[in-house]
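The values are calculated or read from the model by the stated rules, or taken from the named source; none is laboratory data. Nothing here was measured: the structure is a model prediction, and the numbers come from that model. All Cβ positions, even for glycine, are placed from backbone atoms using ideal geometry, and neighbour counts span all protein chains on display.
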Amino acid sequence: MQMGIEQSGSGGKGKVSNESRKSKRRPKKLSPIQRLYETCKDVYADCGPAIVPPPDKVHKLAAVLDGMTQVDVGLRPNMPFFSSERAPIITYLHLHECDKFSIGIFCLPPTSVIPLHNHPGMTVFSKLLFGTMHIKSYDWSNNVDKNTDVTIANADAPKSHPDGLRLAKLKVNSEFTAPCRTSILYPAEGGNMHCFTAKTACAVLDVLGPPYCDPDGRHCQYYYEFPFDKFSVEGVSVGEEEKEGYAWLKEMETPEDLCVVGVPYNGPVIAKK
């Protein structure tokens with residue numbers, strides 16, 4: 001944020017003009033990234049694992065992110081982070097982290113992929129700053145299935161399958177091109193498990209609350225994905241027309257071909273208090 005420098009007039013030593021007084025009283029305008037930080041502090045102040053911010057605060061934070069572009073964080077599509085020669089290397093810019101929330105940016109060259117993964121107990125805001133990205137996301141079926149052509153005789157049945165499978169409902173399977181609205185996912189709905197595939201070079205500004213924390217059990221879990229018809233699980237059935245809207249997910253180790261490199265953030269400064 002640039003600071004204005006006031007110059008004294010040529011006459012009236014010791015006098016302060018009315019214009020100068022108004023200037024001193026005028027509140028300083030926050031940079032977009034500073035506004036984001038201040039808004040996150042307010043939105044997540046009373047939240048914790050699995051505690052979703054109130055709807056008005058969710059709307060407030062989404063509105064701030066909706067108005068942001070790559071310029072606000074000092075990024076340009078022609079930066080080395082986004083070169084097709086770097087694929088599949090993904091660059092992560094760390095802006096802030098505390099026990100309430102984290103702010104970061106994923107810089108993806110074309111064709112790079114962030115595999116299907118979860119956000120345990122988190123409310124997450126993702127803003128595509130530029131580029132085109134395919135997003136596929138799921139929620140666990142026993143969290144979202146109401147009045148649908150799905151029968152789950154025992155909600156725990158998928159968890160107890162010998163192959164460690166669990167039924168998930170498809171939430172999103174679409175391409176997004178900036179500028180577009182901020183996507184929001186919640187602890188139990190909204191597509192808590194998602195996969196990002198860069199169709200072009202793109203950047204995603206992420207706000208997570210609370211952030212991942214292994215000691216507290218909030219670690220990033222990755223998943224294999226299988227079509228519903230690939231397995232038969234006793235007590236679980238899906239209507240013929242809805243099968244494409246469901247999949248079996250199975251936990252996996254962090255993919256060996258996933259390469260995310262942390263790089264210092266050099267964009268507009270956040271004044272942390």
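With GLY48, GLY131 as the choices, which residue is surrounded by fewer than 20 Cβ atoms within 10 Å (Cβ to Cβ) and touching a residue at least 12 places away in the same chain (Cβ under 8 Å)?
Working: GLY131 fails: surrounded by fewer than 20 Cβ atoms within 10 Å (Cβ to Cβ).
Only one candidate passes the filter, namely GLY48.
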#### Entry: Residues (surrounded by fewer than 16 Cβ atoms within 10 Å (Cβ to Cβ) and either assigned to a strand (DSSP E or B) or within 11 Å of the chain's Cα centre (by Cα) (or both)) located in the range 183-223
CYS213
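Given the range 81-152, what strands (runs of 3 or more DSSP E) lie entirely inside it while holding 2 or more residues that are modelled with pLDDT under 95, touching a strand residue (DSSP E or B) at 6+ places or on another chain (Cβ under 8 Å) and on the phi < 0 side of the Ramachandran plot? Even if it seems obvious, please write down each step before you answer.
Working: elements: 90-97, 102-108, 113-117, 123-130, 132-140, 150-152.
Fully inside the range 81-152 and qualifying: 150-152.
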### Task
Working only within the range 29-74, note down all residues that are assigned to a helix (DSSP H, G or I) and of a type in the set (A, V, I, L, M, F, W, C).
ILE33, LEU36, CYS40, VAL43, VAL58, LEU61, ALA62, ALA63, VAL64, LEU65, VAL71, VAL73
### Task
Please identify the pairs in which a residue from the range 191-207 that is without any contact (Cβ under 8 Å) to a residue 60 or more places away in the chain has its Cβ atom under 6 Å from the Cβ atom of a residue that is in a strand (DSSP E or B), counting only partners at least 6 apart or on another chain.
GLY191/SER137; GLY191/LYS171; GLY191/VAL172; GLY191/LEU185
### Every pair of residues 6+ apart whose Cβ atoms lie under 8 Å, when the first sits in the range 208-235 and is in contact (Cβ under 8 Å) with a residue 40 or more places away in the chain while the second is surrounded by 16 or more Cβ atoms within 10 Å (Cβ to Cβ) and assigned to a helix (DSSP H, G or I)
GLY209/CYS40; GLY209/VAL43; VAL233/PRO158
